[in-house]
Amino acid sequence: MNKFIAFARHTALGLISILLASGLLLWSDPGKERSSQNQGSQVLKIAIMNFISVPVLENGEKGLLAGLAEKGFEDGGKLEIVRYNAEGDRATAILIAKDVVGRGYDLALTLSTPMLQSLASSNLDTKQKHMFTLTTDPAGAGVGISRNDPLDHPPYMTGYGTPQPVDKLFEMARRANPKLKRVGVLWNPAESNSEASTIQARAICKKLNIELIEITVDSSAAILESAKALLARNVEAIWAGGDTVVAAGLETMIATAASGGIPVFTNMPEDVQVGALFCLGADYFEVGRSGGHLAARILNGEDIATIPVENFVPEQLAINNKVAPQFLSSWTIPPEWQQQAKKIVD
């Protein structure tokens, strides 16, 4: 019995010594501090979903990333960003949306109306956090957003609307060409954003006594023949709103219009870079940047249900002095536009 008690005491002392030594090592282990820090600075994972590679959306995406970075959320730091692009295909957009919903991102960000609609329809059951931007008319997109109450929206979805200043643009067109009577437009009726801008154009054209000649298109492959059809109907200019189908074939449309001796004016300031005569629309880098700031608020824990859906339209005038001489017989860029323009192609 005495030998057994002595053995037990000896074993207990050994176990206690081992436990004390292990505790000391854990307490002094520098890796413990690093692990604790990592838990306190968890890397968040977000999806950025773009619909098509056109300058306006690419510029907005750059602004979105800049806005996130300004608020401390940079890819590879506090944030892991996965980027998607449907390249203008709605079926692909739907597949992307289903994939994003199934991956459990901390936040999904959509750029453009078609991508907003794709994610909204796939997210009805999952209710993943969703922020949208670069969207002309969120209330008209059919995703549960009220036109009258900024707080009446799905509690997991919010963002900015950016309606185009269509009225102002047509008033500018009349100023540049006081005799303007017939303007053509190509637009895709499947895009609610394009429909919203076209409805505005009809109203302002009626007010200004301008005939709006409309041709609908469902793919960029139809742009060339449709633009020729507008020329055959003796339009004096072609206008483009926020249509992604037209944006994908914009250079073709502008070249076709120029061959007929008429200019193109649009609501996308970036379009002067590819030959539009003048443009008035939102500064989409700034729209994206503000979207980045809003996304940061959500990532920091702000309740989406309490964030109103508001419009944000930082207007930007752009003119193209390089193509202007082609249309001098009918069109004149007023001198004050040179001072007001934020983008000028010379």
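Can you tell me which residue among V82, V101 is modelled with pLDDT of 95 or more, assigned to a strand (DSSP E or B) and of a type outside the set (G, A, S)?
Just a single option satisfies the conditions, and that option is V82.
Hey, any hits in region 288-297 for a residue that's of a type in the set (K, R), in a helix (DSSP H, G or I) and in contact with a helix residue (DSSP H, G or I) (Cβ under 7 Å, 6 or more places away or on another chain)?
yes
Of the residues that sit in region 145-162 and are polar (S, T, N, Q) and assigned to a loop (DSSP other than H, G, I, E, B), which one is farthest from L119 (Cα to Cα)?
This residue is N148.
Does T126 fit the bill of being buried (at least 24 other Cβ atoms within 10 Å of the Cβ) and farther than 21 Å from I213 by Cβ?
So T126 fails the test.
Counting just the residues of region 138-163 that are touching a Lys or Arg at 6+ places or on another chain (Cβ under 9 Å) and more than 28 Å from R103 (Cβ to Cβ), which one comes out surrounded by the most Cβ atoms within 10 Å (Cβ to Cβ)?
That would be A139.
Restricting attention to region 110-135, which residues are in a loop (DSSP other than H, G, I, E, B) and in contact (Cβ under 8 Å) with a residue 12 or more places away in the chain?
Within region 110-135, S112, N123, T126, K127, Q128, K129 meet the criteria.
Here is a check on your reading of the model: is V272 surrounded by fewer than 24 Cβ atoms within 10 Å (Cβ to Cβ), more than 30 Å from I307 (Cβ to Cβ) and touching a Phe, Trp or Tyr at 6+ places or on another chain (Cβ under 9 Å)?
When the stated conditions are applied, V272 does not pass them.
I need the full set of residues from region 71-106 which are hydrophobic (A, V, I, L, M, F, W, C), touching a strand residue (DSSP E or B) at 6+ places or on another chain (Cβ under 6 Å) and closer than 29 Å to N188 by Cβ, in order please.
Once the filter is applied, which keeps residues that are hydrophobic (A, V, I, L, M, F, W, C), touching a strand residue (DSSP E or B) at 6+ places or on another chain (Cβ under 6 Å) and closer than 29 Å to N188 by Cβ, region 71-106 yields V82, I96, V100.
Show the residue pairs that are 6+ apart or on different chains and have beta-carbon atoms under 6 Å apart, the first residue being within region 281-303 and free of Cβ contacts under 8 Å to residues at least 24 places away in the same chain, the second being crowded, with 22+ Cβ neighbours inside 10 Å and among the charged types (D, E, K, R).
Sorted first by the residue in region 281-303, then by its partner, the list stays empty.
Within region 67-75, can one find any residue that is surrounded by fewer than 16 Cβ atoms within 10 Å (Cβ to Cβ), modelled with pLDDT under 95, over 30 Å from T244 (Cβ atoms) and small (G, A, S)?
No, there is no match, as no residue in region 67-75 is surrounded by fewer than 16 Cβ atoms within 10 Å (Cβ to Cβ), modelled with pLDDT under 95, over 30 Å from T244 (Cβ atoms) and small (G, A, S).
Answer yes if at least one residue in region 171-184 is touching a residue at least 40 places away in the same chain (Cβ under 8 Å) and within 24 Å of the chain's Cα centre (by Cα), and no otherwise.
no
Which number in (1) outside the structural domain of T306 (by TED's automatic domain parsing); (2) modelled with pLDDT of 95 or more; (3) under 30 Å from L65 (Cα atoms) marks the one condition that G144 misses?
(1)
The values are calculated or read from the model by the stated rules, or taken from the named source; none is laboratory data. All values reported here derive from a predicted model rather than from experimental measurement. So basically every Cβ, Gly included, is an ideal-geometry build from the backbone, and we count neighbours across all protein chains shown.
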